[in-house]
Amino acid sequence: MALVVGIDLGTSSTKTIVLDDEGRVVASASASYPLRKPGPGRVEQDADDWWRAVCETVRRVVQALAACHPPRPVRDIRGVSLSGQMNGAVFVDASGAPLRPPPIWLDHRSQRECDAAKARAGDLLRSRALQVLSPINTLAKVLWVREHEPEVYARAGYVLIPKDWVRFRLTGTFASDVSDASVTAAMDLYERDWSGEILDVLEVRRDLFPDVVESTTVVGALTRAAAAETGLAEGTPVCAGGGDVACLAVGGGVIRPGVLNVGIGTAGHALAFAEGVSDAAFNRLWPMCHAVPGEYLWLGCSYTCGASMSWLNEQLGEDFETLTAQAGEVPPGSEGLFFMPWLEGTATPNPDAHARGGWVGLTLRHARGHLIRALMEGVAFDLRQSLECFKGLGLPAGELRIGEGGARSALWRQIQADVFGQDVRVLEVEDASALGAAIIAAVGVEMYTDFESGCGRAVGLGETVRCDAARVRRYEACFRHYSRLYPSMKDWFQDLGGMGEEVN
């Protein structure tokens, strides 16, 4: 029986799964690593932490295969593929060694560089990358390093997206895939390749960016050194893989029109299939290349959805189950209390790095349970804004699927159904990005003939959560109030951001 390995290099942990040719996950493992915050707006990680987590999780799934009855040898593994956090920047020398700690997607230090670049190339960025340059983008991080660390910029052989650096460690080859590249702001989405026009206008070295290929392309094979560290067989084919959002789309079955996906992980996302791209929702949604060759996605994002709950957990010192139990004692709408889940700025449909999170509407009657439930509702409201954008584009919405950590809680599942105003299906596999990476590998090495058959076998759907008509009406009124919060506070956020710069 043939097997493939999917590896998801997430923001807080790496998750690795083994998928068989019948669509079953036969082994899985995860390993975590920290964020590093060396200064205001700066969020980095250690690339060596990523590599250690990849090696650890792959070794553990290999050991699990060996413990099966009968044992499953590593030679049964036909291919490997990776999913990864998007919009990081790993500056490496010619040998692939990192030159500095990689800033990740949460890093917001480059706003001034973004403003200068938009003045020079704003129209070009809109017409070819279909984006407004923001600090989240890899291109913004390149501009910051060029300005503030010219010695790193001069020594750099490549700038790699995080999972592409890990794949280099596995294969010794440099490459990127269309889905990860498409959100960097350095790519021409129509051509599905780096934009020489954008890079030339901004005077960015073209040779910093490796060749870009479709996600299912086999870009190399496992080296002897990587085989020794991971336990996999030398020569195992490795596919290009995709950004975590594109892999989420595959792992959630968003490979055709009419299926939408919402997930609450560290960040939150809303995904819709697109047969082409345009600027129809410019600066409200993000268009990006799909892992399915030639296809596209619309992405709505909220940066700190699950991260908001993790933060609250840390502050209160209680586990997720305890927090949600307290929230369950509070009525829908949290008695007029609202939470803004913008702890590192807003994404879609109101991109603003200056925006900040918090509760609005506190009174003496509100208690801990209200704070928690308002947070859970605020996350759902924020994601609903992206779903409303999908409706504005006329995208079909036959089925809405939910997954990731936010689907673990019965209360949060119900809140999502009621806030979105429709029944939702729960994805059976929580690690949809790792599953998507595995399906990409399976298609790339022809274990599956295509994505339709692969997703048909591997993407399982569980519970259907029915929305409640009375709660839907209540949340409609709440959503209207929530939607007014950012417009009402936009100028205040801008002033606060300026004050923060003076203090720092």
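The values are calculated or read from the model by the stated rules, or taken from the named source; none is laboratory data. Everything quoted here is computed from the prediction, not taken from an experiment. Positions of Cβ are generated from backbone atoms using ideal geometry, with glycine treated the same way; all protein chains shown enter the neighbour counts. SASA here: full protein model, heavy atoms, side chains in, ligands and nucleic acids out. Shrake-Rupley method; radii C 1.70, N 1.55, O 1.52, S 1.80 Å.
Values computed for the structure shown
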| read-out | value |
| --- | --- |
| Residue in segment 354-369 that is in a helix (DSSP H, G or I), more than 24 Å from Arg284 (Cα to Cα), open to solvent by less than 50 Å² (accessible area, probe 1.4 Å) and in contact (Cβ under 8 Å) with a residue 24 or more places away in the chain present | yes |
| Leading residue by the ranking (most open to solvent (accessible area, probe 1.4 Å)) among those in segment 119-135 that are aliphatic (A, V, I, L, M) and free of Cβ contacts under 8 Å to residues at least 60 places away in the same chain | Ala119 |
| Residues of segment 272-303 satisfying the condition of being hydroxyl-bearing (Ser, Thr, Tyr), assigned to a strand (DSSP E or B) and open to solvent by 10 Å² or more (accessible area, probe 1.4 Å) | Tyr296 |
| Pairs with Cβ under 7 Å, 6+ apart, first in segment 218-245 and farther than 18 Å from Gln63 by Cα and open to solvent by 10 Å² or more (accessible area, probe 1.4 Å), second hydroxyl-bearing (Ser, Thr, Tyr) and not in a strand (DSSP E or B) | Val219/Thr171; Val219/Thr173; Gly220/Thr171; Gly220/Thr173; Ala221/Thr171; Ala221/Thr236; Thr223/Thr171; Asp244/Ser433 |
| Checking Tyr448 against (1) more than 30 Å from Glu377 (Cβ to Cβ); (2) open to solvent by less than 20 Å² (accessible area, probe 1.4 Å); (3) touching a strand residue (DSSP E or B) at 6+ places or on another chain (Cβ under 7 Å), the condition it does not meet | (3) |
| Matching entry among Ser215, Ser195 (being open to solvent by less than 10 Å² (accessible area, probe 1.4 Å), farther than 27 Å from Ala154 by Cα and of a type in the set (Ser, Thr, Tyr)) | Ser215 |
